[in-house]
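Here is the structure we will look at, set down as structure tokens.
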Amino acid sequence: MKIAIPTNAKLGLDDEVAVHFGRCATYTFIDENGKVVEIIDNTSEHMGGKGLPPELLKTHGSDVLLCVDIGPRAIDLCAKFGIDVYVIKERTVKGIFEAWRSNKIKKAGIQNACEEHRR
């Protein structure tokens, strides 16, 4: 299992979780044990590259996305790519992973989409 987390830099478990899923600087990938396995730059079209963020995550083998906020379209695209999305207000990669591993967050749906993108 490969878990993706939108991040602000390349600081591993101590990195901050980016507030905006699609416009983050990097994505940190960890395994189900919380070990960092890969950190990549966000090369999606939101950052001047190609493709949408869920496509980028799937290209890198992500099965799960842990994030602070996400729009309804991104939730839908993640579902189409077989990526389970979980949303919680956590500040660090380690914190969001621990919340997920402890079952303190539930799988997200359209009702969890950020207000800014529901208008």
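A quick yes/no check of all residues on (1) of a type in the set (S, T, N, Q); (2) in a strand (DSSP E or B):
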residue	(1), (2)
E38	no, yes
T43	yes, no
L77	no, no
I96	no, no
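Residues in the stretch 53-75 that are of a type in the set (A, V, I, L, M) and in a loop (DSSP other than H, G, I, E, B) were compared, and the one that is surrounded by the fewest Cβ atoms within 10 Å (Cβ to Cβ) is V68.
The residues listed here are A18, A74, A79; of these, the one that is out of contact with any helix residue (DSSP H, G or I) (no Cβ under 7 Å at 6 or more places or on another chain) and in contact (Cβ under 8 Å) with a residue 12 or more places away in the chain is A18. Checking V17, V36 one by one, the residue that is touching a Lys or Arg at 6+ places or on another chain (Cβ under 7 Å), β-branched (V, I, T) and closer than 18 Å to R101 by Cβ is V17 and no other. Here G71 fits the description: closer than 22 Å to I105 by Cα, at pLDDT below 95 and not charged (D, E, K, R). Among residues of the stretch 38-68 being modelled with pLDDT under 95 and of a type in the set (D, E, K, R), the one that is farthest from V19 (Cα to Cα) is K50.
The values are calculated or read from the model by the stated rules, or taken from the named source; none is laboratory data. Everything numeric here is computed off the predicted structure, so don't read it as measured data. No Cβ is skipped: glycine too gets one built from the backbone with ideal geometry, and neighbour counts run over all protein chains shown.
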